[in-house]
Every structure is written in structure tokens, then in C-alpha cells.
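So the structure is just underneath, and the comments pick up after that.
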Amino acid sequence: MPVPEHTALSTLRLGHALLAGLLLGILVCGPWVQAQESEAAPGTSALEARLPTLPDAERVPILAELVERTHRSAPERAIAFGRDALVFLDDYPDIGLQAQVLFRKGLAHAYLAENDSVLAHAAMLRNLPAGLGRADAAFLEGRVYRRQGDSDAALRAFGEARSGYETAQDSAGIATTLRLIGLMYRQQGDFDRALELYDQARRLYEAIGDSVGLANTLSSTSIVLRRRGNSEGARDLLTRALALTESANDERAMSIVLNNLGLVYESLGDYDGALAAYTRSLTLKEATDDVRGIVRLLSNIGSIYLDQEAYADAQAMFERVLRLQ
């Protein structure tokens with residue numbers, strides 16, 4: 001999920017933006033320079049086209065797969081697919097598929113910041129027999145608590161999720177939980193602990209061959225390096241992460257890596273490189289439902305134009321921000 005990052009650069013940018021509001025007759029509200037964490041999904045058209053041709057019992061695994069594929073890139077569609085899947089599961093029970101659908105549908109609600117729905121799905125997962133959904137329930141709860149700013153509760157929930165994934169030998173679940181715990185330590189300013197957790201996640205993603213998970217982790221690590229003043233190291237990590245997302249054809253993850261690469265180019269004084277990265281990221285982001293991500297990129301691009309005294313271009317970006325907020 002995308003996370004605000006306030007730095008000296010962001011403070012300078014905010015001053016520029018407020019000044020621009022006076023000069024251009026607009027007031028742009030919201031955070032300016034922000035780093036993002038990643039989510040993504042492949043295409044679904046061919047799979048979705050099969051649904052009308054299948055008997056009801058055979059639709060359930062297809063709907064479950066559609067929820068899996070769309071819960072990050074198109075969460076509203078994933079919720080619709082999940083709703084249909086759960087209806088069919090009433091007639092054709094499959095506890096494993098039910099757990100999968102509830103978890104991914106819960107994540108889709110999380111990406112839409114629908115916290116009550118996320119917690120409702122966590123409760124349903126906890127009610128599954130044999131503790132099947134407890135780790136996933138704790139993971140969902142951790143995301144909500146983190147969003148609500150309750151770090152202690154979030155860390156407890158993520159700790160429970162990690163323990164459950166370790167018991168199940170779910171390397172992907174362990175790695176993702178480690179990365180999110182690392183993100184929380186980064187937000188608390190404990191960069192050493194964050195880097196330790198990111199490194200554990202990186203090694204797990206490399207072991208299971210999850211290129212997008214690895215790219216996400218490299219991108220998260222780059223934020224710490226940049227904030228510690230190692231922009232060159234951050235750029236190297238993001239260059240590797242970008243190649244991984246391009247190879248996986250994961251446009252949503254690619255967009256987030258490009259946004260973070262833009263921030264690094266800015267810190268290095270390469271404003272043309274930053275503008276190119278932000279613009280490419282925006283093109284990809286506009287194909288998703290991530291309005292907040294689009295707003296961040298428009299704000300970043302507008303601020304670059306302010307630095308370059310291209311006020312008409314800056315005004316165009318900020319006016320788009322206002323229309324989206």
C-alpha cells in the first residue's frame with residue numbers, strides 16, 4: 001500500500017506549492033513528495049470470458065483465480081468476483097477456496113481503505129475450521145491497525161501472521177509479512193531493524209523466485225538508503241527492481257518503482273530524469289483504480305515544473321489534483 005514520506009525535500013516542496021497557490025490562484029492540499037510500496041496483477045480477460053460457458057460448480061475456482069489476479073490492480077472488480085464466488089461456495093463448499101477468496105477479497109477492501117469490511121473478512125477467516133484462516137486474518141488486521149496508526153496492535157497482528165505462515169511453511173506469506181513489519185520500523189525511524197527485515201524478505205523472495213515480491217522489497221530498501229543519504233545505492237536497487245517488474249510485465253509494481261526512482265533522481269539533482277520517471281509512472285498508474293497514487297504523481301510532476309518555473313504546466317498538474325480530491 002502506498003505510504004507518505006515527509007522529508008526536508010517535501011517541506012521545501014510544500015512551501016513551493018503554497019506559493020504556487022497564491023501565484024496561480026489555486027491551493028493544492030495533501031502530501032507532496034511521497035514514496036510508495038507496491039501492489040499489482042496480470043490481465044484477466046481470457047479467464048473471465050470462460051465464465052459464461054461453465055457450469056456453476058466449475059465457476060468457483062475460476063472466480064477464485066480472478067479474485068487472486070485482480071485484488072491489487074482492480075480491487076472493485078475483485079470484490080465483485082469474490083462476492084459471486086462466495087455465493088457459489090454456499091452450494092459447492094470448498095474450505096480451501098473459501099479461505100483464499102475471503103483473504104484476497106479482504107485485501108481488495110484494504111486497498112480501498114474500507115477498514116470495516118477488512119475486519120469483517122478477518123473475522124470470517126478466524127471462524128473457519130481448524131484455524132485455517134488465522135494467519136491471513138491476522139495479516140488483514142495488521143493492515144487495518146497500521147492504517148489507523150496503532151503501531152503496537154499492528155506489530156502484534158503481523159507477528160501472529162508471521163508465526164502462522166512459518167507453521168504452514170508459507171514462504172511468500174512470511175516474506176510479505178517481514179516486509180510490512182520492516183516498513184513499520186522504517187516509519188518509526190528504526191532503519192537498522194527495517195533493513196534487517198527487508199534483507200530477510202529479500203532472501204526468501206529470491207529463494208522462491210518471486211520477482212515482483214523481490215522488486216517490492218528492493219524498492220522498500222531504497223527508501224531507507226535514500227533517507228540515509230545514499231541516493232546512488234537507492235538508484236542501483238531501483239534500477240534492478242525496475243528490470244524485475246518489466247520482466248514480469250507487472251505495470252502496477254513498475255509504476256511504484258518508477259515513482260520512487262523519480263524521488264531518487266530528484267535527490268541527485270537530475271530533474272529531467274525525475275520528470276521522465278514520474279511521467280512514465282503516471283501513465284501506468286492512470287490505468288488503475290489508485291486515485292491517491294495518481295494524485296501523488298501529479299503533485300510530484302507539478303512540483304518539478306515549479307522548480308523549472310514552468311508555471312502553466314504546474315498549474316495544469318495541480319488543477320488535475322484538485323479535480324481528483
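All of the numbers you see were taken from the coordinates with simple rules; none came from a lab. Since this is a predicted model, take the numbers as computed values, not measurements. Positions of Cβ are generated from backbone atoms using ideal geometry, with glycine treated the same way; all protein chains shown enter the neighbour counts.
Mean-square fluctuations from a GNM of the chain, with a 10 angstrom spring cutoff on Cα atoms, peak among ASP307, ASP91, ASP236 at ASP91. Using 0.36 nm per residue and subtracting the Cα-Cα separation, the extra length available between ASP307 and ASP270 on full extension is 12.1 nm. Extents of the chain, taken as max minus min of Cα coordinates on every principal axis and listed largest first, are 63, 43, 35 Å.
Give me the number: length gained by fully extending ALA123 to ALA172, i.e. 0.36 nm times residue separation minus the C-alpha to C-alpha distance, one decimal in nm. Please report the intermediate quantities before stating the final value.
Working: separation 49, 0.36 × 49 = 17.64 nm, distance 2.23 nm.
This chain segment gains 15.4 nm when fully extended.
Contact order for the range 164-203, expressed relative to its length and based on alpha carbon pairs under 8 Å spaced 6+ residues apart, stands at 38 percent. The Cα-based radius of gyration of the range 206-289, divided by its Kirkwood radius, gives an Rg/Rh of 0.97. Considering helices alone, the calculated mean residue ellipticity of the chain at 222 nm is -25500 deg cm²/dmol, with DSSP H runs of length four and up weighted by -39500 (n - 2.57) and normalised per residue.
Distant-in-sequence amide contacts of GLY133, defined by a placed amide H-H separation under 5 Å and a gap of 5 or more residues or a different chain, comprise LEU128.
Take every pair of alpha-carbon atoms less than 8 Å apart whose residues are at least six positions apart; their mean separation over the length of the range 204-305 yields a relative contact order of 21 percent. How high is the FRET efficiency from ALA46 to ALA130, r the C-beta distance, R0 45 Å, rounded to 0.05? For ALA46 and ALA130, the calculated efficiency is 0.80.
All distinct Cα pairs of the range 61-107 go into the 1/r average, and the inverse of that average, the Kirkwood radius, is 10.0 Å. What the Cβ-Cβ distance of ARG323 and ILE208 gives, at R0 = 41 Å and to the nearest 0.05, is a FRET efficiency of 0.45. Global dimensions of the range 267-325 from alpha-carbon coordinates: Rg and Dmax equal 11.2, 31 Å.
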